[in-house]
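The values are calculated or read from the model by the stated rules, or taken from the named source; none is laboratory data. Just so it is clear, the model here is predicted, and its values are computed rather than measured. Cβ placement follows ideal geometry from the backbone for every residue including glycine, while neighbour counts extend to all protein chains displayed. Heavy atoms of the whole protein, side chains included, go into the accessibility calculation; ligands, DNA and RNA do not. Shrake-Rupley method; radii C 1.70, N 1.55, O 1.52, S 1.80 Å.
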Amino acid sequence: MARVVVITSGKGGVGKTTSCASIGTALAMQGFRTVLIDFDVGLRNLDLVMGCERRVVYDLINVLSGEANLSQALIKDKRVDGLYMLPASQTRDKDALTTEGVEQIINELKDDFDYILCDSPAGIERGAIMAMYFAEAAVVVTNPEVSSVRDSDRIIGLLDSRTRMAEEGKPVSAQLLITRYDPERVEHADMMSVQDIEEILAIPLVGVVPESDAVLRASNKGTPVVHDKESDAGQAYLDTTARFLGEERPMRFLEVERKGFLSRMFGGR
């Protein structure tokens, strides 16, 4: 039976879609059949990050409205076996999302997949509520800044109150993913520390992704950054996915990298 996971946060621009693409890709690399659903109706971006925007013919709303079936709308990833995505519509309204329709799609996907990752839009409107409603687990993505952390705290409250699991008296298993982390800025008190964020949000930490140019390069190429295994961000997403699957791995990228004497003498930065 598939596990339904929402990738969520209250604030836009924190890296939800990047995280959904990379965690989903890493799960498929591990041999799990994985499907990513973009719930950001009207402003879809997951297809761009996955590099399949030119292959979109039908979308989530087409399936919900009966204009296409699920097999017509699913897009198979060309790089990793067992990885698919269901794009959002760019032209429809979020009101087209219905609880009954989303449930039918998720139930149909459960027959064929191990993991269903729901890429939530920012905010707390209908698209975000629909993305989280059927989730059994959540990855709450936040940046190390006060406004992002505050909005993530609000999202944790919604996971505890506005999901089917909550209605049944069961908690959604929520984990924290911190993105765009810069230990040097933390050291200079320009950014919140991991410990500060953990203390406020009080959910288990599943990963820390450092600020990295590799994320932007990968996004512009339409390739999830987890494919760049030489980059710090790519390694961080591999670590995050391993921890999500229950493996114990030490947290990396939390400390400022200190340059040695010779590196400083000969121009190392």
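For the stretch 2-44, the set of residues classified as more than 17 Å from Leu177 (Cβ to Cβ) and of a type in the set (D, E, K, R) consists of Arg33, Asp38, Asp40, Arg44, listed by residue number. In the condition set (1) closer than 18 Å to Pro121 by Cα; (2) within 16 Å of the chain's Cα centre (by Cα), Val206 is compliant with all but (1).
For every residue, the table says whether it meets (1) polar (S, T, N, Q); (2) touching a residue at least 12 places away in the same chain (Cβ under 8 Å); (3) on the phi < 0 side of the Ramachandran plot.
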{"position": "Val208", "(1), (2), (3)": "no, yes, yes"}
{"position": "Asn220", "(1), (2), (3)": "yes, no, yes"}
{"position": "His227", "(1), (2), (3)": "no, yes, yes"}
{"position": "Asp239", "(1), (2), (3)": "no, yes, yes"}
{"position": "Leu245", "(1), (2), (3)": "no, yes, yes"}
{"position": "Phe253", "(1), (2), (3)": "no, yes, no"}
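Can you pull out every residue in the stretch 181-195 that is open to solvent by less than 70 Å² (accessible area, probe 1.4 Å) and out of contact with any Ser or Thr (no Cβ under 8 Å at 6 or more places or on another chain)?
Tyr181, Asp182, Pro183, Met191, Met192, Ser193, Val194
The number of residues in the stretch 13-50 being under 19 Å from Ala174 (Cα atoms) and out of contact with any helix residue (DSSP H, G or I) (no Cβ under 8 Å at 6 or more places or on another chain) comes to 2. The condition of being in contact (Cβ under 8 Å) with a residue 40 or more places away in the chain, under 20 Å from Ala26 (Cα atoms) and open to solvent by 30 Å² or more (accessible area, probe 1.4 Å) holds for Gln175. Quick check on the stretch 57-67. Is at least one of its residues in contact (Cβ under 8 Å) with a residue 40 or more places away in the chain, open to solvent by less than 10 Å² (accessible area, probe 1.4 Å), among the β-branched types (Val, Ile, Thr) and under 29 Å from Gly157 (Cβ atoms)? For the stretch 57-67, residues in contact (Cβ under 8 Å) with a residue 40 or more places away in the chain, open to solvent by less than 10 Å² (accessible area, probe 1.4 Å), among the β-branched types (Val, Ile, Thr) and under 29 Å from Gly157 (Cβ atoms): absent. Screening the candidates Val146, Val141, Val102 for the property of being open to solvent by 80 Å² or more (accessible area, probe 1.4 Å) and among the hydrophobic types (A, V, I, L, M, F, W, C) yields one hit, Val146. Among the residues of the stretch 78-87, those that are open to solvent by 20 Å² or more (accessible area, probe 1.4 Å) and touching a helix residue (DSSP H, G or I) at 6+ places or on another chain (Cβ under 8 Å) comprise Arg79, Asp81. Selection of the stretch 224-241 for residues being within 14 Å of Gly15 (Cβ to Cβ) and part of a loop (DSSP other than H, G, I, E, B) yields only Pro224.
Yes/no per residue for (1) closer than 17 Å to Val140 by Cβ; (2) of a type in the set (S, T, N, Q); (3) more than 16 Å from the chain's Cα centre (by Cα):
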position	(1), (2), (3)
Arg3	yes, no, no
Gln30	no, yes, yes
Thr34	no, yes, no
Cys52	no, no, yes
Arg79	no, no, yes
Leu83	no, no, no
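The sole residue among Val14, Val5, Val41 that is in contact with an Asp or Glu (Cβ under 8 Å, 6 or more places away or on another chain), part of a loop (DSSP other than H, G, I, E, B) and open to solvent by less than 20 Å² (accessible area, probe 1.4 Å) is Val41. Evaluating Lys94 against the criteria (1) within 29 Å of Gly31 (Cα to Cα); (2) crowded, with 20+ Cβ neighbours inside 10 Å leaves one unmet condition, (1).
So is Leu64 at pLDDT below 95 and touching a Gly at 6+ places or on another chain (Cβ under 7 Å) or not? Against the criterion (at pLDDT below 95 and touching a Gly at 6+ places or on another chain (Cβ under 7 Å)), Leu64 qualifies.
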